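See below for the structure under consideration.
What follows is calculated from the coordinates using simple rules that are stated; it is not laboratory data. Just so it is clear, the model here is predicted, and its values are computed rather than measured. Note that each Cβ is placed from the backbone with ideal geometry, even for glycine, and that neighbours are counted across all protein chains shown.
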Amino acid sequence: MIQEELRKQTEASHHQLEKLVIAKLKKIYSDEDYVNLLKIFFAYFIRLEVAVKPYISSEILPDYAERRHAASLADDIISLGFMPSALPDVIVPSIDNTVKALGALYVMEGSIMGGRIIIQMLDKRGITQGISFFAGYGSDTETRWSSFVEVLDHYIKAENMQEAIQAAKQTISNLADVFLQA
Ligand code: HEM
């Protein structure tokens, strides 16, 4: 299955990003610190969404409109009394076909899996508001993930798998770069 290959190939970069996110989470002492973390994800995912949009039609991913979007990060920031402005500089991978777009979306959708752990860590630091982005799809998470994986299997084949893997790896490492610079 393509998802298993994507997971294997992105394991090292996921681990590096995970460490950077955890280090940032451990430095959260106030809502403002948390908002700065949200701003990193917002700046990155809003640009990534613009990059993938031309290649993800409702025919390819029928429930894309109902999936989690960067807009929920803006809502979280606003709900904490801040504005989604003064954002960090980000560079997103260049996406020029559906296979690369799905590689990038694999990272966005997959990031929901770490959300539960992030919420637990935030809770320990007294942050319980503005967490809709990390809450993802709640109890629907597994179903949503399975239907997304079916789409990956449908569009990504042996001959274009490397394109998807490279896009996914780049999507993770470019986000890690934002954390390194923040
Ligand atoms: C504190 C930070 C994070 C933690 C602790 C974490 C942890 C996890 C865990 C436990 C899984 C499930 C693995 C499995 O079921 O086999 C997962 C999956 C995944 N995470 Fe993270 N994650 C974090 C951040 C992120 C971020 C920021 C991204 C990307 C923006 C990301 C991308 C992914 C992807 C793509 C998968 C799916 C892997 C698969 O194919 O099964 N994660 N993560």
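Some observations on this one:
- For segment 2-181, relative contact order (Cα pairs under 8 Å, six or more residues apart, normalised by length) works out to 36 percent.
- Which of Ile77, Ile156, Val92, positive extreme of dipole for the chain (C-beta unit charges): Ile77
- Which of Val178, Val107 has the fewest Cβ neighbours within 10 Å, and the rest in rising order: Val178, Val107
- Dipole in debye (nearest 20) - the chain, about Cα centre, beta carbon charges: Lys, Arg +1; Asp, Glu -1: 560
- Within a Gaussian network of the chain (alpha carbon springs, distance under 10 Å), most fluctuating of Leu102, Leu80, Leu152: Leu80
- Structure note, pairs Lys53/Lys169; Lys8/Lys157; Lys26/Lys100; Lys19/Lys100; Lys39/Lys169; Lys19/Lys124: Cα-Cα distances above 27 angstrom occur for Lys26/Lys100.
- Kyte-Doolittle at least 0.5, axis length at least 27 Å by Cα - qualifying DSSP helices, the chain: 31-52, 98-124
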